[in-house]
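Taking it in order: structure first as structure tokens, then the write-up.
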Amino acid sequence: MKIIPYAKHFISEEDLESVNDVLKSDFLTQGPKIEELEKQFSNYVGSKYSIAVSSGTAALHLCALSLNVNSGDRVLTTPLTFVASANCIKYCGGDVSFIDIDPNTYLMSIDKLLLEIKNKPRGFYKGIVIVNFAGRVNDLSEFRNIADEYDLWIIEDACHSPGGYFLSQNNQKIYAGSGEYSDLTIFSFHPVKHLAGGEGGLITTNDEQLYKRIKKLRTHGITKDSSEFINSTDSAIFSKDINEITYPNWYMEMQELGYNYRISDIHSALILSQLLKADIKLKQRKKIAKKYYDAFNLIPEIIGQSGIIKGHAYHLYVIEAKNRYQLYNFLRENGIYAQIHYYPCHLMPFYRKLGWGEGDLPFVEKYYENCISLPMFPELTIKEQNYVINKIKEFYKS
Ligand SMILES: *Cc1c(COP(=O)(O)O)cnc(C)c1O
């Protein structure tokens, strides 16, 4: 039996060539492909700056570091996400507060967020990690207003939504990662995401200070830019045989504790090649979503679904289904490997130990009872999608 997974990457001949070229070149890492990727990605989402890194998780960690998240700092996020969105705050010693979802959008509830912030003294929270769950882009203008009023920064986790957007009040497309309303936005190039890089991640921003800081933190906190040097030329040179007043060529400074979160040229070449087809692939995702929506709209046992939303990037197509557990098993028996996104973060043992538990966030817990992510990837054929739809119909007939 052929297995239909919930997500699947696609590697073209052009992708292979692109990687092959790098393998034959002078640079496997720290070469020209990284900057090329950063430039092209900024073009794609409309940001001033991009910093490519080793993974989406590394991107999140660098964001938290660059925003000076520290021991005891409190940060708000959604429980309906991959754990990394919350963990990046814990890496820096901060505390995570989960805000329940809006059951209609599956995104962080703005009402619940406001209620939580208003009940606390000013300065209680430092920032928000917003997640474009399943590919639906949050209306960041609303979050920005709140953030400005309460002095919060915004990290947008857009791992699910490259190419996605929300519509502004005057009907303008505001792309995820454009940096118009977020301080920092992150993406992932894990193969289940839109652009497969094997591993890889990227941060976009319009803030020059944050951009420079993150570039430094990406590679051990080291800078080679003489305009940033802290040591004076005297103390930097210090070797008695040099009578120069400029910094010697080899000189570089480690100015703060960074990491090796670099991406390689090999990965960058693959992502660059994938980026060329991003628009076509996104259209295919939308087509698949429309077909699911039309098919399930008529089935009463399907009580919610991702739906047809302008700007949705459809990393996932989620339905909320009655007898979800049995449906999941039935599909699996028939070669359809649907998936559950996500077991709520706050119920993970790690976060339970920190005091979270069942009943804390009723909407996401209710959602989790019924949710199931159906096969969603551009190469899903019409025949395969019909098979998935028919199996679901068959399940509810019996
Ligand atoms: C995949 C993902 C991440 C982590 O990305 P990696 O590249 O796997 O480290 C973070 N947040 C969300 C929402 C994701 O889907």
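Tabulated data for the structure shown
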| read-out | value |
| --- | --- |
| Overall Cα dimensions of region 243-282, principal axis frame, Å, largest first | 59, 23, 16 |
| Relative contact order for region 218-297, counting Cα pairs under 8 Å that sit 6 or more residues apart, in percent | 37 |
| Carbon plus sulfur fraction of accessible area for the chain, probe 1.4 Å, in percent | 51 |
| The chain - percent relative contact order, Cα under 8 Å, separation 6 or more | 22 |
| Long-range HN-HN contacts of Val137 with modeled amide H, under 5 Å | Tyr165, Ala313 |
| Whole-Hz couplings from phi, Karplus 6.51/-1.76/1.60, listed for region 50-60; x for Gly and Pro | 9, 10, 7, 9, 6, 6, x, 5, 4, 4, 4 |
| The chain: angle of helix 208-218 to the longest principal axis, Cα-based, in degrees nearest 10 | 90 |
| Estimated vicinal HN-Hα couplings, Hz - region 367-381 in sequence order (Karplus 6.51, -1.76, 1.60; Gly, Pro = x) | 4, 4, 4, 10, 6, 7, 9, 8, x, 8, 7, x, 8, 4, 7 |
| The chain, accessible area per residue, ligands and nucleic acids excluded (1.4 Å, Å²) | 47 |
| Lysine pairs meeting the criterion (Cα under 29 Å, 8 or more apart or interchain), as found in region 351-398 | 7 |
| Gyration tensor (Cα) of the chain, equivalent ellipsoid semi-axes in angstrom | 40, 27, 17 |
| Equivalent-ellipsoid semi-axes of region 196-327, from the Cα gyration tensor, Å, largest first | 54, 15, 13 |
| For region 133-197, alpha-carbon Rg over 2.2 N^0.38 Å | 1.15 |
| The chain: angle of helix 324-333 to the longest principal axis, Cα-based, in degrees nearest 10 | 90 |
| Long-range amide H partners of Val53 with built H, under 5 Å | Gly201, Leu202, Ile203 |
| Helix 278-296 axis, angle to the chain major axis (alpha carbon atoms, nearest 10°) | 20 |
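The values are calculated or read from the model by the stated rules, or taken from the named source; none is laboratory data. Because the structure is predicted, anything quoted here is derived from the model rather than measured. These accessible areas exclude ligands, DNA and RNA; they are computed on the full protein's heavy atoms, side chains included. Shrake-Rupley method; radii C 1.70, N 1.55, O 1.52, S 1.80 Å.
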